[in-house]
Amino acid sequence: MSPATTATAGAPYTPARYGAGAPLDAEQRHFVSRWSYGYTPALARDVLTAGGTAAWFRQQLQPSAVPDAAADATWGWWPSLARSAADLWKRQVDEVEGGWEVMAYYGSWLMLRRITSKRQVLELMTEFWEGHFHVPVNGDSHFVYRVPYGQVVRQHALGTFADLLKATITHPAMGLFLDNAVSTKSKPNENLGRELLELHTVGRGEYTEADVKESARILTGYRVDVWRTWDASYRPADHATGPVRVMGFSHANSDPDGRAVTTAYLDYLARHPATARRICRKIATRFVQDEPSTALVEHLAQVYLSSGTSIPAVLRALVVRPEFRAARGTKMRDPGADVVATYRSLGATFAKPASTEAAATQILWIASNLGQRPFEWGRPDGPPLTNSAWSSTSRALASFSFHWSAAGRWWPVKDITYLAPAQWLPQASLTFAQLVDHLCVRLLGVPSTAALLQACCEVTNYPPTTRITADHALVKWEFHRLLSTLLDSPQHLTR
């Protein structure tokens, strides 16, 4: 009889039930899978200490009240993240440090925060909004403002959409990326005026080409001294004055200082019903399922409008909906999320990088191997949120290869500490089935199943009753087979 047959023969399977079992029930596990970058025992303790997922979520929506020293400490690991635009440009011109290098540091820092931060909802929403108001990290000009742009998004990620919209659209990074930084009343550039309507707010079908032109006129005046000092300023002399009308918005626009009309225009767009539906559909797509119901979107849009575009209000309304509770395991992790969740599951700890071979630097290249580094999506629409973008055979094989390497502690190895195989054993001696159940709870936050146990038996060729100790061959030489099998499971690859 094969190990797999032994695992599944006889009565319907029940887990080996090592110890107390999963610390979170199925509904709680689903909740944290959507509102974190991956289950960890520490996360489970935080949820239970808070009094459950509802109380934990309330805390998460007020991130300043959640201590986050370990994640905050990573900011100083890459000093160039704090350099000014002019300094970054000079270092690139002088061939001291390229913009692509600084953007690689930024990507690594983002991934480290996602691994270590206790403010998991803030990290998720920062990523979501950086994707919505997408400014790619690769570019010859906007890279000089890309780090402070991300910081502005983080500052507003759990505020109001109206404030977030104003902060991002008028930011020099957005202006450089979509050419508003060189747009003037004599030569208005339509790129940002169009994407503001098409991508950032109301969406296609709600505006005309005439609206795009008027939108571009409203946004003139926000300039950057490109290729010289890189100073960002508002120049009234470059603002196109005169009456403007975009959709239902109209303004005399008589003041050369057009910042007031810009604010009024962006407030109008933020509070437009089409914007409410579009933003809430996108949030539901990210945190519920790829095709959210019309009823859910309409309900969230009503909350969005009645709350003054409050992002926390929308999130609170979403998590209590039956559609959210019913959507277990329906969302696939994208490449970056897989890397982050894997290191969280393995309990790896990172140290300040001492070289380019350090783990904190190499995780960026791992994400690239899987298919997507943070914010390298080239188009202004931002990276996709649906499963189909990340469900290819090549992606699966890349993830399996990464899981194998990480489970074996083979690469990266510098400035990172992994748990040794013996450290995964909860006691000196236990059966293989008990060990599998313990690891399922530890890595995945779920009890073992017949399918998971069978897979582990087949990969290692050990039957469930095998007695495992620190001296067993499994622990000495083969433990990566067991860990990687669980990391390759749907329970890890989906949220």
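Roughly speaking, to the nearest percent, how much of the chain's 1.4 Å accessible area is carbon and sulfur? Could the numbers behind the result be given before it?
Details: 10520 of 19700 Å².
Answer for the chain: carbon and sulfur cover 53 percent of the accessible area.
With Rh defined as the Kirkwood radius, the inverse of the mean 1/r over Cα pairs, the Rg/Rh of region 370-495 is 1.04.
If you take all C-alpha pairs in region 51-103, what percent of them are over 18 Å apart? Write down the numbers at each step before the final one.
Numbers: 751 of 1378 pairs.
Across region 51-103, Cα pairs with separations above 18 Å total 54 percent.
For the chain, the longest principal axis of the Cα atoms and the long axis of helix 99-116 meet at an angle of about 50 degrees. Taking all protein chains as shown and a probe of 1.4 angstrom, Arg481 keeps an accessible surface of around 90 Å².
Other residues within the sphere of radius under 13 Å centred on the Cβ of Ala276, judged by their own Cβ, net out at +3 (K and R +1, D and E -1).
Provide Lys187, Lys213, Lys166 ordered by accessible surface of protein heavy atoms (probe 1.4 Å), highest first. Before the final figure, lay out the partial values.
Numbers: Lys187 155, Lys213 105, Lys166 50 Å².
Descending accessible area places them as Lys187, Lys213, Lys166.
Summarise the long-distance tail of P(r) for region 71-148 by giving the % of C-alpha pairs beyond 17 Å. Present the calculation step by step, with values, prior to reporting the outcome.
On the way: 1414 of 3003 pairs.
Counting pairs separated by more than 17 Å, the tail of P(r) holds 47 percent.
Would you mind checking the pairs Lys118/Lys352; Lys166/Lys213; Lys331/Lys414; Lys118/Lys414; Lys282/Lys352 and listing those with alpha carbons more than 30 angstrom apart? Pairs exceeding 30 Å: Lys331/Lys414; Lys282/Lys352. Average accessible surface for the chain: 40 Å² per residue, computed with a 1.4 Å probe over protein heavy atoms with every protein chain in place. Mean projected area of the convex hull spanned by the Cα atoms of region 14-128, taken over all viewing directions: 9.6 nm². The mean of 1/r over all pairs of different alpha-carbon atoms in region 123-257, once inverted, gives a Kirkwood hydrodynamic radius of 15.3 Å. Under the criterion of Cα pairs below 8 Å and six or more residues apart, the relative contact order for region 226-340 equals 17 percent.
Within the P(r) computed for region 138-183, what percentage of the Cα pairs occupies the region above 11 Å? Write down the numbers at each step before the final one.
Numbers: 656 of 1035 pairs.
Of all Cα-Cα distances in region 138-183, 63 percent exceed 11 Å.
Counting only protein chain heavy atoms and rolling a 1.4 Å probe, the accessible areas of Met174, Met247 rank, largest first, as Met247, Met174.
At a 10 angstrom cut-off on C-beta neighbours, averaged per residue, how do the peptides 58-71, 78-91, 360-373 rank from highest to lowest? Spell out each step's value before the answer.
On the way: 58-71: 15.2, 78-91: 16.9, 360-373: 21.1.
Final packing ranking: 360-373, 78-91, 58-71.
The solvent-accessible area of Arg119, taken with every protein chain present and a 1.4 Å probe, is close to 50 Å². Derived value for the chain: Kirkwood hydrodynamic radius 24.4 Å. Basis is the mean of 1/r over every pair of different alpha-carbon atoms.
The values are calculated or read from the model by the stated rules, or taken from the named source; none is laboratory data. The model shown is predicted, which means the values in this text are computed figures rather than measured ones. Backbone-built Cβ (ideal geometry, glycine too); neighbour counts: all protein chains shown. What goes into the accessible areas is simple: the full protein's heavy atoms, side chains included, and nothing from ligands, DNA or RNA. Shrake-Rupley method; radii C 1.70, N 1.55, O 1.52, S 1.80 Å.
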